[in-house]
Amino acid sequence: MRLPLIPHPTSPHGGLTLEVEARRAGQVLSLEYVLAGPVEMVRWPQGVARGRTDGLWRATCFEAFARTADSYVEYNLSPSGAWAAYRFDGYREGMRALDTPAPFIVTRTAPGRFVLTADVTLPDDADDAVGLAAVIQGLDGAMGYWALAHPSDKPDFHHPDSFALML
C-alpha cells in the first residue's frame, strides 16, 4: 500500500506529490518513494561515490526512522547514492553512526516522476513503529519537509509522534 507523505504547512510543495511504500521482512525495511509532478524543478544532489556521508538532509534526501528498544535510528538516503545511518539515545540526543550494512539504493526517472527504492537493515532491537520523511529542495533553494505526520508547528522528523506507521 502506498502512503502519502504530506508537506509541512510551512513548506513549499511546488505542485509535487510524494508517496512511499514500506514493507518489512525480518530486519530489512524496503522503501519506495515516488515523487510526481514538476520534478525538473527539484535540485538533485550531485553524484558522488556511493558511501556513508553526513549532512545529506541539507539537500534533497529521503529518510526513514525506526523506533528501537531504547530510542530510535535514522536513515538518510540520497538520490546521489550516498547514505547515512544514525542511532540516538533519546530525542535528538546521543547521535552516533549506526553500524549497519550499506543500504541498497536504486533511482529511476521518467518525465514528471522520480522513484528512489532502498533496502535498509534495521537493528535487532527495532520495533514496528516507523517514520517516513523527505527533504525536497527546489531549484530556488527553498526546502520542503514531507512526512507521514507533522505533530509540531515546525518540521521535526525526530518527534516521537512522527513514527506514525506500524509495520
Could you check segment 18-48 and list, in sequence order, the residues that are in a strand (DSSP E or B), closer than 30 Å to D140 by Cα and more than 17 Å from the chain's Cα centre (by Cα)?
none
Between a residue in segment 99-113 that is farther than 12 Å from Y75 by Cβ and any residue that is among the hydroxyl-bearing types (S, T, Y) and assigned to a strand (DSSP E or B), which pairs come within a Cβ distance under 6 Å, given they are 6 or more apart or on different chains?
V106/T117
Sole miss for T10 among (1) over 20 Å from I136 (Cα atoms); (2) assigned to a loop (DSSP other than H, G, I, E, B) is condition (1)
Taking segment 134-167 and keeping only residues that are farther than 20 Å from E40 by Cα, assigned to a strand (DSSP E or B) and open to solvent by less than 30 Å² (accessible area, probe 1.4 Å), one is left with A147, L165
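Kindly indicate whether any position in segment 91-102 is within 13 Å of the chain's Cα centre (by Cα), open to solvent by 10 Å² or more (accessible area, probe 1.4 Å) and modelled with pLDDT of 95 or more. Full working, then the answer.
Taking segment 91-102 as the starting set, the residues that turn out to be within 13 Å of the chain's Cα centre (by Cα) are none.
No, because not a single residue in segment 91-102 is within 13 Å of the chain's Cα centre (by Cα), open to solvent by 10 Å² or more (accessible area, probe 1.4 Å) and modelled with pLDDT of 95 or more.
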When you go through (1) modelled with pLDDT of 95 or more; (2) over 17 Å from L18 (Cβ atoms) one by one for I136, which number turns out not to apply?
(2)
Output the number of residues of segment 118-133 satisfying the condition of being under 17 Å from the mean Cα position of the chain (by Cα) and either free of Cβ contacts under 8 Å to residues at least 60 places away in the same chain or open to solvent by 30 Å² or more (accessible area, probe 1.4 Å) (or both).
3
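What is the residue count in segment 18-48 for residues that are in contact (Cβ under 8 Å) with a residue 12 or more places away in the chain and open to solvent by 80 Å² or more (accessible area, probe 1.4 Å)? Break it down stepwise before answering.
Restricting attention to segment 18-48, the residues satisfying the condition of being in contact (Cβ under 8 Å) with a residue 12 or more places away in the chain are 18-24, 27-39, 41-48.
With the extra rule that they be open to solvent by 80 Å² or more (accessible area, probe 1.4 Å), the set shrinks to 23, 41, 43, 46.
Adding up the residues that qualify gives 4.
The values are calculated or read from the model by the stated rules, or taken from the named source; none is laboratory data. Only a predicted model underlies this, so the values are computations on that prediction, with no experimental measurement involved. Quick reminder, even Gly has a Cβ in these numbers, built from the backbone with ideal geometry, and neighbours come from all protein chains shown. Surface accessibility is based on the protein's heavy atoms, side chains included, excluding ligands, DNA and RNA. Shrake-Rupley method; radii C 1.70, N 1.55, O 1.52, S 1.80 Å.
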